[in-house]
1. Would segment 1-23 turn up any residue that is surrounded by 12 or more Cβ atoms within 10 Å (Cβ to Cβ), in contact with a Leu (Cβ under 7 Å, 6 or more places away or on another chain) and closer than 14 Å to residue 102 by Cα?
2. Quickly run through segment 2-53 and pick out the residues that are within 30 Å of residue 82 (Cβ to Cβ), touching a residue at least 12 places away in the same chain (Cβ under 8 Å) and of a type in the set (Ser, Thr, Tyr).
3. Do you know which residues across segment 82-118 are touching a helix residue (DSSP H, G or I) at 6+ places or on another chain (Cβ under 8 Å) and free of Cβ contacts under 8 Å to residues at least 12 places away in the same chain?
4. From 27, 36, grab the single residue that is among the β-branched types (Val, Ile, Thr), modelled with pLDDT of 90 or more and crowded, with 20+ Cβ neighbours inside 10 Å.
5. Among (1) under 18 Å from residue 5 (Cα atoms); (2) more than 14 Å from the chain's Cα centre (by Cα), there is one condition residue 46 misses while meeting the rest; what is its number?
6. Here are some residues: 91, 83, 46, 67. Which one is small (Gly, Ala, Ser) and closer than 21 Å to residue 117 by Cβ?
7. Name the single residue, out of those in segment 120-143 being within 24 Å of residue 23 (Cβ to Cβ) and buried (at least 21 other Cβ atoms within 10 Å of the Cβ), that is farthest from the chain's Cα centre (by Cα).
Amino acid sequence: MVKLMELEWRKLKRKMILSELIIYWGILMFLPMFFIKMVSAEFGQSYSTIIQLMMSMQLGFVLFGASLINQVVIDEYKNKTISLSFGYPISRKKLVMAKALFISLFVFLCTIVSFLLSGVTTYLLDQAFHIINGQPTAEDITSYFSKMIVHSLIVTLISLIPLFFFGIWKRETIPTILCAIFLMQFQNFSFLLNVNLNTNIVNTVLCSLGVVSVYLSIKMVDRVGDI
């Protein structure tokens, strides 16, 4: 499985993906402070409030996951290069499992790095310009790191929701991107519509959909994965 994942890395358009990744990191490093200064100063009341803001901002990596699905799955179908992979003496299910694991691991690690960069940048900017009231407590730091792990996993699972329907089955790039945008903005839509949704329940449902999407991708690839 590790070798199959390494193969996915070698097939990836790495310059394009790394350039996209740098843009994501660059934006999310400075977005919390920009949001406080230009949109709502309420999030600058304490470090505990800005941590909640930063959690929601990292959902941007759901869109990055859609980009990976496009390259790792959809492009291979469209370019017919996946026929070579299906010609290996390895089951299609194992190949799709390797692709799903590769996307999951990539999104998870990149989200973790983004959390770290965003946290350090936010702290340094606050020390320089005194935007957030007070200083981070030990409880704030512990909370941030624990939520960083959990939320990175949540982002990873949500990013996999388009994998089966738009990736393996329909093989459509634009709908995959639109689905990711909707998912990352879902809670904002509920706010605009004045619908009160429990965040934990929403995340649980979305993560479950991500797991189901991966399961169906592996289970159904022999039926819907023909070129």
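1. yes
2. Passing the criteria: only 24.
3. If we filter segment 82-118 for residues that are touching a helix residue (DSSP H, G or I) at 6+ places or on another chain (Cβ under 8 Å), which is where we start, we get 82, 85-86, 88, 90, 92-108, 110-118.
Residues satisfying the conditions are 85, 88.
4. Values: 27 fails: crowded, with 20+ Cβ neighbours inside 10 Å.
Exactly one residue qualifies, and that residue is 36.
5. Failed condition: (1).
6. Numbers: 91 fails: closer than 21 Å to residue 117 by Cβ; 83 fails: closer than 21 Å to residue 117 by Cβ; 46 fails: closer than 21 Å to residue 117 by Cβ.
Answer to the check: 67.
7. Per the criteria, the residue is 126.
This table checks each residue for (1) free of Cβ contacts under 8 Å to residues at least 60 places away in the same chain; (2) surrounded by fewer than 21 Cβ atoms within 10 Å (Cβ to Cβ); (3) touching a strand residue (DSSP E or B) at 6+ places or on another chain (Cβ under 6 Å).
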| site | (1), (2), (3) |
| --- | --- |
| 155 | no, no, no |
| 172 | no, yes, no |
| 207 | yes, yes, no |
| 212 | yes, yes, no |
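The values are calculated or read from the model by the stated rules, or taken from the named source; none is laboratory data. Computed from a prediction, not measured in an experiment: that's the story for all the values here. Virtual Cβ from ideal backbone geometry, glycine too; neighbours counted across all protein chains shown.
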